[in-house]
Amino acid sequence: MSSLSASKPTPGITVKVDNLSITYRTTFERVPTFKKAVVRFGRGQRAVREVHALRDVSFEVADGTALGIIGNNGAGKSTLMRAISGILPPTKGRIEVNGRISPLLSLGVGFNANLSGRENIILGGLASGLSRRAVEQRAEEVTAFADLQEFIDAPMRTYSSGMYSRLAFSVAVHMDPDILMIDEALSAGDATFKSKAAAKMAELRSSARAMFLVSHSMASIQQLCTDAIWLHKGKLIMRGAPDEVIEAYTTFVDVGESAVILEDL
């Protein structure tokens, strides 16, 4: 039995993940041998593969927590974020969420490239649960933060990747979320915008019920988070203070904690 629940929350707990498992079923073309290819007129065979993205993951996030999520590519970090956001249903287990989530997943997933930036601001705000009037009132603030005043009424298909990312971040952080979920957001934009984004997240951390941050930048995790978890091949390996989890993780991947590694690992 698996479920995502926002009712009857545990007091003092923003998110509770209980024995969460998520399994994907994917198909791929199996390359045939020459003999089989001749018999089957060169056609390949479709094979089904199960991918265990998350395996029996359990943890609780108390009110006021800024949780960093680290791990190698394919560890299950983004899958976990999507599950908590309600985008992916659990294969097994339960997720309890207390609050309204403003997810910034994959930098603007859900944006319509054929619509203008302004129209996507409206859609993003409505998706976050705000009224149209409330979204329209803060549209100019969103635009100014993203520094897109000259381009906000142009179709987003004309935006550069940096412009796209800046608007996605700005929409997410200006919708008064109870729970802020950010997947690699600090990789967006130039140094000036990264600094502004970090300051905005620090501000939100003090007002939001909880914040989740997935990042390969260990420095960002150290700077912005009060707690951290380490995922590896879908399993929860460790939870603790950011410095402790990062030290264990960097030791695991057999590298030293140089300044370059802290930024890019």
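Tabulated values for the structure
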{"item": "Verdict on Ser165 being crowded, with 18+ Cβ neighbours inside 10 Å and of a type in the set (Ser, Thr, Tyr)", "result": "yes"}
{"item": "Any hit, the range 175-189, residues being outside any loop (DSSP other than H, G, I, E, B) and surrounded by fewer than 20 Cβ atoms within 10 Å (Cβ to Cβ)", "result": "yes"}
{"item": "Filtered residues of the range 225-248 (kept if in a strand (DSSP E or B) and β-branched (Val, Ile, Thr))", "result": "Ile229, Ile237"}
{"item": "Considering residues of the range 82-104 that are within 12 Å of Leu20 (Cα to Cα) and of a type in the set (A, V, I, L, M, F, W, C) only, the residue surrounded by the most Cβ atoms within 10 Å (Cβ to Cβ)", "result": "Ala83"}
{"item": "Qualifying residue in the range 3-13 (condition: at pLDDT 80 or above, surrounded by 12 or more Cβ atoms within 10 Å (Cβ to Cβ) and in a loop (DSSP other than H, G, I, E, B))", "result": "no"}
{"item": "Selected residue (only one of Ala199, Ala172 is under 26 Å from Trp230 (Cα atoms), in a helix (DSSP H, G or I) and over 17 Å from the mean Cα position of the chain (by Cα))", "result": "Ala199"}
{"item": "Unmet criterion (only one of (1) surrounded by 14 or more Cβ atoms within 10 Å (Cβ to Cβ); (2) at pLDDT 80 or above) for Glu50", "result": "(1)"}
{"item": "Single residue of Phe151, Phe145 found to be farther than 30 Å from Gly76 by Cα, aromatic (Phe, Trp, Tyr) and surrounded by fewer than 20 Cβ atoms within 10 Å (Cβ to Cβ)", "result": "Phe151"}
{"item": "Residues (assigned to a loop (DSSP other than H, G, I, E, B), in contact with a Ser or Thr (Cβ under 8 Å, 6 or more places away or on another chain) and modelled with pLDDT of 90 or more) located in the range 61-97", "result": "Asp63, Pro89, Pro90, Thr91"}
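The values are calculated or read from the model by the stated rules, or taken from the named source; none is laboratory data. Since we're looking at a predicted model, the values are computed, not measured. Every residue, glycine as well, gets a Cβ built from its backbone with ideal geometry; the counts of neighbours run over all protein chains shown.
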